[in-house]
Amino acid sequence: MATENDKKACACGHEHKHEAELPKMSKYEEALAKYNTDIDDAAVRDAVRKLIAEKVHENDTPEVKKFLFGSIELTSLKTTDSDESILAFTERVNQFDSTYPDLPHVATICVYPCFARTVAESLEVDGVEIACVSGSFPSSQALIEVKIAETALAVKDGATEIDIVMPVGKFLSGDYEGVCDDIAELKQACGEAPMKVILETGCLKTAQNIKKASILAMYAGADYIKTSTGKLEPAATPEAAYVMCQAIKEYYDETGIQIGFKPAGGLNSVMDALIYYTIVKEVLGEKWLTNKWLRLGTSRLANMLLSEIVGEETKFF
């Protein structure tokens, strides 16, 4: 009579594990398996180059520039920031409304959590969000308890949106569970406030990594995915944006959940803004072309866009 061991032996004389005994995929690997993450960097570069050459010019219009101005997250994340400087920064947003009543106001003021209350108490313009970078920005290297406390305090002090950084080290070492647990816990700490997850795409290096990180961040609870902190080079690139937008589109098709997109860092010209607008329009479509779903993390771009819109060099901010 054959024993259990005999059943496992094959013609080659070796024993093989039954299929059921093979290591099971984790829920994170199962989530990733639903998407195409086998992407070639050269193919992405070629697709982006073609898209820019063929499509950007048609979006170089006053209407698009006004829209982009209204999607700006006016950002001050300097070591030298103080209550006084952030108060003056917020006052410029208040004054803009009366100085340019026919133009859209910026979408958001983005500051460190210690200035959330200063902005909340001095901002007079309806519809401008208060975003705080949190969770030990820009490195994300802190105990999760510290990140949770900082996030909860920012919301308590008036932040209406939270920007966190994905734990990049955990991602690169393959600890997808650790990545998703961090993001999920911080999402809980945000309460009703939407959460943006910064991937720091310059550290991820490959299109494949960027696609995987995008999917994991959305799977774990991101309301937006964002390219970069702006503190490391390279920051946002059109190639990273293209891959992230593809991930958002595929995630939407799979789940029906719409996720926002925010390029940040390295937006140095109006043409940069037009390129990101074009990528979103072509990959994601019209549904994402509102200042709720597309944000631009920058400050220097505000004056450049304003100058082009009004037709003369203007340094308002």
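The values are calculated or read from the model by the stated rules, or taken from the named source; none is laboratory data. In this text, all values refer to a predicted model and were calculated from it rather than measured experimentally. Neighbour counts run over all protein chains shown; Cβ positions are idealised from the backbone, glycine included. SASA here: full protein model, heavy atoms, side chains in, ligands and nucleic acids out. Shrake-Rupley method; radii C 1.70, N 1.55, O 1.52, S 1.80 Å.
The figures follow:
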read-out: Answer residue from region 218-247, given it is modelled with pLDDT under 95 and among the charged types (D, E, K, R) and is nearest to the chain's Cα centre (by Cα) among those; value: Lys231
read-out: Pair list, Cβ under 7 Å, 6 or more apart: region 142-163 residue farther than 22 Å from Gly260 by Cα, other residue of a type in the set (Lys, Arg) and assigned to a helix (DSSP H, G or I); value: Asp157/Arg117
read-out: Set Leu274, Leu267: member being at pLDDT below 95, closer than 23 Å to Lys50 by Cα and open to solvent by less than 10 Å² (accessible area, probe 1.4 Å); value: Leu267
read-out: Helices (runs of 4 or more DSSP H) (entirely within region 17-109) containing at least 2 residues that are farther than 30 Å from Thr160 by Cα, open to solvent by less than 90 Å² (accessible area, probe 1.4 Å) and among the acidic types (Asp, Glu); value: 41-55
read-out: Every residue from region 237-281 that is in a loop (DSSP other than H, G, I, E, B) and closer than 18 Å to Arg295 by Cβ; value: Thr237, Ile257, Gln258, Ile259, Pro263, Gly265, Gly266, Leu267, Asn268, Ser269
read-out: Region 249-261, subset in contact (Cβ under 8 Å) with a residue 40 or more places away in the chain and either crowded, with 22+ Cβ neighbours inside 10 Å or touching a strand residue (DSSP E or B) at 6+ places or on another chain (Cβ under 8 Å) (or both), residue farthest from Asp163 (Cα to Cα); value: Tyr251
read-out: Filtered residue count, region 200-243, keeping only those that are over 24 Å from Gln188 (Cβ atoms) and of a type outside the set (Asp, Glu); value: 25
read-out: Tally, over region 164-182, of residues that are in contact with a helix residue (DSSP H, G or I) (Cβ under 7 Å, 6 or more places away or on another chain) and without any contact (Cβ under 8 Å) to a residue 12 or more places away in the chain; value: 1
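Residue by residue, here is whether (1) within 30 Å of Leu87 (Cβ to Cβ); (2) open to solvent by 30 Å² or more (accessible area, probe 1.4 Å) holds:
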position	(1), (2)
Val128	yes, no
Cys132	yes, no
Ala152	yes, yes
Ile164	yes, no
Gly191	yes, yes
Ile198	yes, no
Leu204	no, no
Ala222	no, no
Gly230	yes, yes
